[in-house]
1. Quick check for me: using +1 on Lys/Arg Cβ and -1 on Asp/Glu Cβ, what's the dipole size of segment A:12-129 about its Cα centre, in debye to the nearest 20?
2. Rounded if a/c is under 1.5, else prolate if a/b beats b/c, else oblate: with a ≥ b ≥ c from the C-alpha gyration tensor eigenvalues square-rooted, which is segment A:12-129?
3. Determine, from the Cβ-Cβ distance of A:E72 and A:A168 and an R0 of 56 Å, the FRET efficiency 1/(1 + (r/R0)^6), rounded to the nearest 0.05.
4. Could you give the length gained by full extension between A:E126 and A:E38, i.e. 0.36 nm per residue of separation minus their alpha carbon distance, to one decimal place?
5. How would you order A:91-99, A:232-240 from highest to lowest mean count of nearby Cβ atoms within 10 Å?
6. Under the definition of partner shielding as Cβ atoms of other protein chains within 10 Å of a residue Cβ, what is the mean value for peptide A:103-109?
7. In peptide A:77-83, what is the residue-averaged number of other protein chain Cβ atoms found within 10 Å of each Cβ?
8. Going by Cα centres, segment A:183-221 and segment A:47-61 are how many Å apart?
Amino acid sequence: MTEDSPEAPGTTALYVYAVCRADGGPALDGVSGVARGEPVRTLPLGSLTAIVQTVRAAEFTDEAWQERLTDEPELERYARAHHEVVSVVAAQAPTVPLPLATLYTAEDRAGLVLGNESARFHTALERIAHHAEWGVKVYAADSPGEDGDETARQPCTPGTPEDRGRPAPGAGRAYLERRRNLRARHERQREDSLRVAETVDTQVCRLAKASRRLRPHGPGTADGHRLQVLNATYLVADHRAAELELLVKDLRERTGAGIELSGPWVPYSFVGEV
Amino acid sequence: MTHDAVPWDRPGALSGPIGVPLVDLLDRVLATGVVVSGDLVIAIADVPLVRVSLHALLSSVGERVPAPWADSGPL
């Protein structure tokens with residue numbers, strides 16, 4: 001059980017943001033992190049350095065996170081604070097970011113666990129050095145809407161009172177045909193967009209060192225009005241970044257699809273598989 | 001309609017905490033390949049928990065629009 005005395009074990013925890021090489025410990029001035037009052041600092045781990053902050057354990061319980069994950073402004077605050085620390089460190093040296101809310105019960109625990117993984121950290125650091133992550137999202141081309149099959153549409157003449165409720169002969173069949181055409185067109189558009197997504201992924205993969213597919217964002221997100229058919233992320237060497245931008249521009253022109261490029265990101269998505 | 005790279009707050013740097021869209025940020029800070037496990041994070045950012053909660057928050061994959069791929073990412 002958690003006690004209220006600040007000295008009691010368990011009332012504080014160590015939040016770890018990232019790990020980088022020990023040489024050239026990063027400057028962390030002006031970085032506030034996820035908790036107020038306690039500085040973001042370095043924790044030496046032999047050949048590595050962890051970027052850490054002491055936080056109140058009560059703010060990082062299961063329940064606290066359950067609540068936070070449904071409170072968007074709060075979640076955003078934490079995510080951005082985490083990202084800020086990671087970004088500041090990564091701007092100075094190759095950095096392995098840890099997931100949001102990686103915590104240890106005490107400094108020696110963090111030292112022990114992270115120290116045991118130092119070989120993997122070094123592998124990850126080598127892999128991402130001089131590389132950045134770039135996100136590529138593809139959106140289906142805008143649907144032309146419900147028109148385009150005007151020929152099948154019955155002229156809409158106001159009926160006499162006797163006509164009301166008695167559609168002209170053939171109206172039902174025309175309606176069904178219209179529905180069928182519409183569905184077929186939507187299906188075609190969907191298949192076309194998926195094909196474009198595959199093309200984009202294949203082309204970008206050619207200049208990337210590694211790639212990952214993230215889950216496409218559904219309706220309800222910022223871009224909810226557009227259908228996202230690819231949400232992928234790529235590890236790209238720094239010297240090929242300009243090439244990537246040209247490729248995306250070219251793909252946009254060739255396919256007509258909405259293609260968004262974001263980056264450079266700290267290689268969050270490419271540090272786990274080592 | 002042109003979609004340029006999502007504008008970073010400070011162009012060119014690996015440091016755009018303000019300009020980064022939240023949804024893209026969460027894709028990364030929550031789903032980043034886990035290198036190590038933390039003491040508390042096991043119960044907190046355990047993948048199923050994150051998946052469920054993010055689904056509620058972002059409706060990452062809506063019922064009406066199934067994910068185009070069966071295996072489409074770590075979230």
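1. 380
2. prolate
3. Step by step, r from the Cβ atoms, then E = 0.60.
4. Extra length from A:E126 to A:E38 when fully extended: 28.6 nm.
5. Those peptides, ordered most packed to least, come out A:91-99, A:232-240.
6. 3
7. Across the residues of A:77-83, the mean count of other-chain Cβ atoms within 10 Å is 4.
8. Their Cα centres are 38 Å away from one another.
Read-outs throughout are calculated quantities, based only on the coordinates presented, and are distinct from any laboratory measurement. Because the structure is predicted, anything quoted here is derived from the model rather than measured. We place every Cβ from the backbone using ideal geometry, glycine too, and count neighbours over all the protein chains shown.
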